[in-house]
Amino acid sequence: CQKELRRLEHLNLLGQMSASIAHEIRNPLQTVKGFLQLLQSKEGISPYQTHFILMIDELNRANQIITELLCLSRTKPTNLKLHNINDIINSVLPLIEAQALEEDKIIIVEQKAVSITLLDEDEIKQVLLNIVKNALEASKSKGCVKIITESNQTSVKLIICDNGQGIPPELQDNIGMPFFTTKQNGTGLGLSMSLSILERHNAKLDFVSDKNGTSFFIIFPIVE
Ligand code: ADP
Ligand code: MG
């Protein structure tokens, strides 16, 4: 619980700081990217084509990090409305399935939740995409990711399980810390962004993991 509190303090501080600088950084990045694209089109098939592609890719990556940082801050008020979580899953499923198919993995969906609860549709889509993306990235080809929903009188539960490599016990305390990543090209912001969104929903995020796979559990309270 103490750890959870420390994590949330970290997130709030990071959110406030990033909101104020992110916009300022994004504008010059956009300008540089624009000029690079202009030069690229003027240079035709110059010997520097691959350099241009790399530079633009790197700028896109920087831009992505800023987007994720902004998501940590409360720049946009949460738009909570009554939703069945299954409808939100169905709206992102084509995207998720396309990604899985490309990597020769399968997605299994078991939608057993019947209750509706207060959700911000865009934000919950983002959480789903982040956690499923991690699950797909953790599993080898022929891997399988399950998305399960359940509900009872007091809560709606969303479970995302994979049969990937798991999170080593010594790293489990770092999960959700901003910038914690074990990936070459990771930002380490996906889960902290999700935590921050779920905090605004009064929802709880938990996980269990061993070398046979990882399951993430999200519990949304049903409010009267
Ligand atoms: P990123 O995906 O950019 O690394 P995240 O915040 O999404 O950042 O995840 C942080 C880290 O948590 C990952 O780098 C990975 O080590 C670990 N992780 C998250 N989900 C899983 C999973 N399903 N299986 C194994 N490791 C995971
Ligand atoms: Mg991720």
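Which of the residues belonging to segment 172-224 are in a strand (DSSP E or B), closer than 25 Å to Asn79 by Cα and either near ligand 1 (Cβ under 8 Å from one of its atoms) or among the hydroxyl-bearing types (Ser, Thr, Tyr) (or both)?
Passing the criteria: only Phe216.
I need the full set of residues from segment 130-143 which are more than 9 Å from ligand 2 (Cβ to nearest atom) and surrounded by fewer than 18 Cβ atoms within 10 Å (Cβ to Cβ), in order please. Walk me through how you get there before you give the answer.
Just the residues of segment 130-143 that are more than 9 Å from ligand 2 (Cβ to nearest atom), to begin with: 132, 135-136, 138-143.
Once the filter is applied, which keeps residues that are more than 9 Å from ligand 2 (Cβ to nearest atom) and surrounded by fewer than 18 Cβ atoms within 10 Å (Cβ to Cβ), segment 130-143 yields Lys140, Ser141, Lys142.
Which one is nearest to ligand 1 (Cβ to nearest atom), of the residues in segment 133-171 that are in a strand (DSSP E or B) and among the charged types (D, E, K, R)?
Asp162
Here is a check on your reading of the model: is Lys183 more than 15 Å from ligand 2 (Cβ to nearest atom), over 13 Å from the mean Cα position of the chain (by Cα) and either among the charged types (D, E, K, R) or over 20 Å from Val114 (Cα atoms) (or both)? Reasoning before the result, please.
On the way: more than 15 Å from ligand 2 (Cβ to nearest atom): no; over 13 Å from the mean Cα position of the chain (by Cα): yes; either among the charged types (D, E, K, R) or over 20 Å from Val114 (Cα atoms) (or both): yes.
When the stated conditions are applied, Lys183 does not pass them.
I'd like to know if segment 134-141 contains one or more residues that are modelled with pLDDT of 95 or more and under 18 Å from Ile65 (Cα atoms).
yes
When you scan segment 162-180, how many residues do you find that are away from ligand 2 (no atom under 16 Å from the Cβ) and either buried (at least 18 other Cβ atoms within 10 Å of the Cβ) or within 15 Å of Lys112 (Cα to Cα) (or both)? First the steps, then the outcome.
Of segment 162-180, the ones away from ligand 2 (no atom under 16 Å from the Cβ) are 163, 168-170, 173.
Restricting the remaining residues to those that are either buried (at least 18 other Cβ atoms within 10 Å of the Cβ) or within 15 Å of Lys112 (Cα to Cα) (or both) gives 163.
Result for segment 162-180: 1.
Would you check which residues across segment 93-148 are more than 15 Å from the chain's Cα centre (by Cα), over 16 Å from Ile218 (Cα atoms) and of a type in the set (Asp, Glu) and list them?
Within segment 93-148, Glu97, Glu102, Glu103, Asp104 qualify.
Return the residues of segment 29-78 that are assigned to a helix (DSSP H, G or I) and among the small types (Gly, Ala, Ser); say none if nothing qualifies.
Step one: of segment 29-78, the residues assigned to a helix (DSSP H, G or I) are 29-43, 49-72.
Matches in segment 29-78: Gly34, Ser41, Ala62.
Report every pair of residues separated by at least 6 positions or lying on different chains whose Cβ atoms are under 7 Å apart, first residue within segment 189-208 and free of Cβ contacts under 8 Å to residues at least 60 places away in the same chain, second within 8 Å of ligand 1 (Cβ to nearest atom) and hydrophobic (A, V, I, L, M, F, W, C).
Qualifying pairs under 7 Å: Leu205/Phe216; Phe207/Ile175; Phe207/Phe216.
The values are calculated or read from the model by the stated rules, or taken from the named source; none is laboratory data. Because the structure is a prediction, the values reported are computed rather than measured. A quick note on method: Cβ atoms are made from the backbone with ideal geometry, for glycine too, and the neighbour counts reach across all protein chains shown.
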